[in-house]
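Notes follow the structure.
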Amino acid sequence: MKIYSPKRRMVIAAVVILLVLFLMRPGASSLKARIANSISLAVARPVEVGSVHLRFLPPSFDLENLVIHEDPEFGAEPMLRAPEVTAVVRLTSLLRGRLDIARLELTEPSLNLVRRPGGRWNWEALLERTARTPLAPTAKSKSEARPGFPYIETSSGRINFKVGQEKKPYALLNADFALWQESENTWGVRLKAQPLRTDMSLNDAGLLRMNGTWQRAGSLRETPLQFSVEWDQVQLGQLTKLVSGNDKGWRGAVRLDATLKGTPAAMLVAADTSIENFHRYDISSAAGMRLTAHCDGRYSSLDNMVHEILCSAPVGTGMIMLRGDAGLPGVHRVDLILNLESVPMTAVAQLARRAKKNIPADLVATGSVQADATMKEDAASLRGPEFQGEGEITDLRVQSASAKVDLSPGSIPFVLTSLSMATSLKKDSVRRLKNEVLTPQDELGVEYGPFPVALGRPTPALVRGWVARSGYGMVVRGEGEVAHTLRVASLLGLPAMKANVAGVAQMELLIAGSWATSVSGASSDFSLPEVSGTVQLHNLRAIVQGVNEPIEISSGELELLRDEVRMEKLSARAAEAQWTGSVSLTRGCGTPGACLVRFNLNTEEVGLSGLHKWLSSPPSQRRWYQMLTAAEPVPPSFLRNLWASGKVSAGRLLIHNLVANRVSAALDLEHGKLKISDWRAELLGGKHRGDWQVDFSAGSPLYTGAGTLTAVSLEQIADAMHDSWISGTASGTYQLTASGRDSQTFWQSAEGGLQFDLRDGVLSHISLASDEQPFRLVRWQGHAHLRDGAIEIDKGQMVSSSGAYEISGTASFGRVLDVKLIQGSESKPALAGSMVYSITGTLAEPRVALTPAPETQAQLKP
């Protein structure tokens, strides 16, 4: 009869051993070499252990600074570093006098996975050695005498990847890894980690999970295995940044599920991928869009090829299919067939709204896409991959109520080619367009067209273009109604002028752009399409905000360059005048005041009243029932929003009833402030030259000017006043400041000065005696001030045929005179017995009165 059962004897033995160990407290340093040698034999690599500490409950060893060195053929850097390792001992092995490790726990290890140029990994030898080692399963029975395979677990680890001596920027962070032996011939593995790049910051690269098993075999290539991989919670922009190093600007939640089953020599592969809420980073994603695809294939490690590939992606009622064989990167063997079967254009339009900015939200497209394409590459050929394919968009119709566009081009053919679209476009159109297409040479692309597009004219325009990985391009050639063409441009998300325009344009345009290469913060390389080429304008009528009358362009040649827009051979009517010349504007301004407009304009005749009428704010016209409502805001002045610089010349400038000939000036306008420099004109039979400034930014325009007048005909001034009151010539300089929206307020507010010199003139309405002829001037020099609606004449010298005079007084704008004329001479000063004449009345009917000087009056007193 047994006194103790085996179970009780085992417990008593374990307690005795633990008590002996606790009382004796043996050191563990003598075991360091034995433990390091044991691990080294297991992994077939040299192993170093910094220190070993014994833990009693539970029985285990704490290893510090564990280092597993690499096989020299894979490099000199250690394969594994772990600052802390806990090795838990099986109690049953102690009873047999053996040291059997049940569990290895590695904290924050760093593992290097290295691939040699030949394709072999450093972990392959470990798997093969493990498969040949006769160990019992991890969860072995207590009666099993063989040592069991330990349960190996890591936490918060890091897995780095190397190719030869080069360490790649890819890594797995916060890796939790577990490895165990499930049964006699089966091992299991589990991994959870966060992918990252060491050379940049990634904040949403998702979570990678892997579970798998493999079985014992004679070689790794024959090892049966079954793995499942799941990668979710990854943001599409971060995924593109992880793979390519740049955030491509796309957004969406990506999920990948894959399974591998079989042997490396013949492995079945299945993968499902999806993108939820796909959109470009700067486009609203209110309506979600889901992209999905499923792929099956058979991988063989014998040739590093995936055979019998079958991928399908449902698109609405249609399907995208990919079939064939393809080698892994570095294996230049490809034989793939791509089929698009009845892919609805509604799905294409939905994708376009999320990939291209400024496309109308109500864009609707009907029709379907059919296409077949092949990709072939033979390792023996030096030509690289060859692409062939063709397809057609049938029954296409594109509509947008907001853009007021309804296009029905019908069918659009397209071909897939590896030849650069730039080559064919350059021969056909770019020579005349004087621009280069942006696509690089020898890039895979889709060439489409030509197809007709109705732009409001009897004959439709023709369109053809290309789409490639780097960008896209389109050539438009033909005639179109301008307003209709602008609406079509907005339908396609192209930058178009927001204006009320009517007219006809003969176009030869190249529209090209590139996709994003990186996104950093709020900036992006999603550049706007570049439109280049020439446009012949005919009978164009444009209503511009801020001016009262439209601009009518009878003809003009618009040249669109990469950095500039030029209008040459312009013939237009504005401000009641016909203009010719040129205008240029820097591209990409967006608003009128963002870039400088340069111009050189000429006209035969223009009136100041016409310019004022064209530029002045329109009068407020409100109905009687609107009197109790708030007034609508007045649109901003055209001049306040324009930034322009250039030259203007006119054969005739009409200033009320004055005519200036051969007028020229340099104009600079910015923020509502106009600077008129070197203003030259033939005026009143003489010449004028001056500089003026006009400030339109205030409520009422403010004018400041200065200039010179040379050899002006006083007779022409009199004719302009409809009163022949003076003749002769004059020269002088002036300074003037005034404000106002009309001529009346202008002259009422005017202040300034005039330095003048009159010669050989006649004041036809003035005679100093009743029997004398009109007063004849030899010379009159003086200075006058303009203020409070009147001209104040300072004491000036007037020389006539009858003698010298001193003149002073005022003359109002109502032509009312109050002037004193004092006779004197060079030897006899004025008021020293001189005769004083008072001139009053009006300019047309002056009254002359003789008044004795003060000295003369004193002599007449008794």
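The values are calculated or read from the model by the stated rules, or taken from the named source; none is laboratory data. None of these values were measured; they are calculated from a predicted model. All Cβ positions, glycine included, derive from the backbone under ideal geometry; neighbour counts span all protein chains shown. Keep in mind that these areas ignore ligands, DNA and RNA; they rest on the heavy atoms of the full protein, side chains included. Shrake-Rupley method; radii C 1.70, N 1.55, O 1.52, S 1.80 Å.
A simple spin-label model places the labels of ASN657 and MET200 7.6 nm from each other, with each point 7 Å out along Cα-to-Cβ. 3J(HN,Hα) along segment 227-233, derived from phi through the Karplus expression 6.51 cos²θ - 1.76 cosθ + 1.60 where θ = phi - 60°, amounts to 10, 10, 10, 10, 10, 9, 6 Hz, with x in place of Gly and Pro. Rounded, prolate or oblate, given the Cα gyration tensor of segment 714-763, with a/c below 1.5 counting as rounded? Note, shape of segment 714-763 comes out oblate. Taking label positions 7 Å along the Cα-Cβ direction at both SER312 and HIS783, the computed distance is 10.0 nm, reported to one decimal. Taking amide H as placed 1.01 Å from N in the peptide plane, the amide H of ARG197 sits under 5 Å from that of LEU202, each at least 5 places away or on another chain. Placing dummy labels 7 Å off each Cα toward the beta-carbon, the span from ARG776 to ARG216 is 14.2 nm. Which percent of the accessible area of segment 286-338 is formed by carbon and sulfur heavy atoms (probe 1.4 angstrom)? In segment 286-338, the share of accessible area belonging to carbon and sulfur is 63 percent. Each Lys or Arg adds one and each Asp or Glu takes one away; over the other residues whose Cβ falls under 15 Å from the Cβ of ILE309, this sums to -3.
If R0 is taken as 25 Å, the Cβ-Cβ distance between LEU113 and SER51 corresponds to a FRET efficiency of 0.35.
Using a 7 Å offset from Cα along Cα-Cβ at GLU276, what residues in segment 221-265 end up with backbone N under 13 Å from the label point? Within reach of a label on GLU276, which here means backbone N under 13 Å from a point 7 Å along Cα→Cβ, segment 221-265 contributes 232-236, 252-256.
Within the accessible surface of segment 706-848, defined with a 1.4 Å probe on protein heavy atoms only, the carbon and sulfur portion equals 53 percent. Distance distribution P(r), segment 176-276, all Cα-Cα pairs, bin width 5 angstrom from 0: 3, 12, 18, 18, 16, 13, 10, 7, 3, 0, 0 percent. Across segment 690-720, the residues whose backbone nitrogen lies under 16 Å from the label position 7 Å along the beta-carbon direction of ALA844 are 718-720. Relative to the current alpha-carbon distance between LEU302 and SER664, full extension at 0.36 nm per residue lengthens the span by 121.9 nm. For segment 244-251, backbone phi angles converted through the Karplus equation (6.51, -1.76, 1.60; θ = phi - 60°) give residue-by-residue couplings of 9, x, 9, 7, 7, x, 9, 10 Hz, Gly and Pro being listed as x.
Each residue of segment 393-401 was assigned a 3J(HN,Hα) from its phi angle through the Karplus expression (A = 6.51, B = -1.76, C = 1.60, θ = phi - 60°), giving 9, 9, 6, 6, 9, 10, 9, 7, 5 Hz with x at Gly and Pro.
Taking the Cβ-Cβ separation of GLN735 and ALA401 as r and a Förster radius of 35 Å, what is the calculated FRET efficiency to the nearest 0.05? Given R0 = 35 Å and the Cβ-Cβ separation, E is 0.05.
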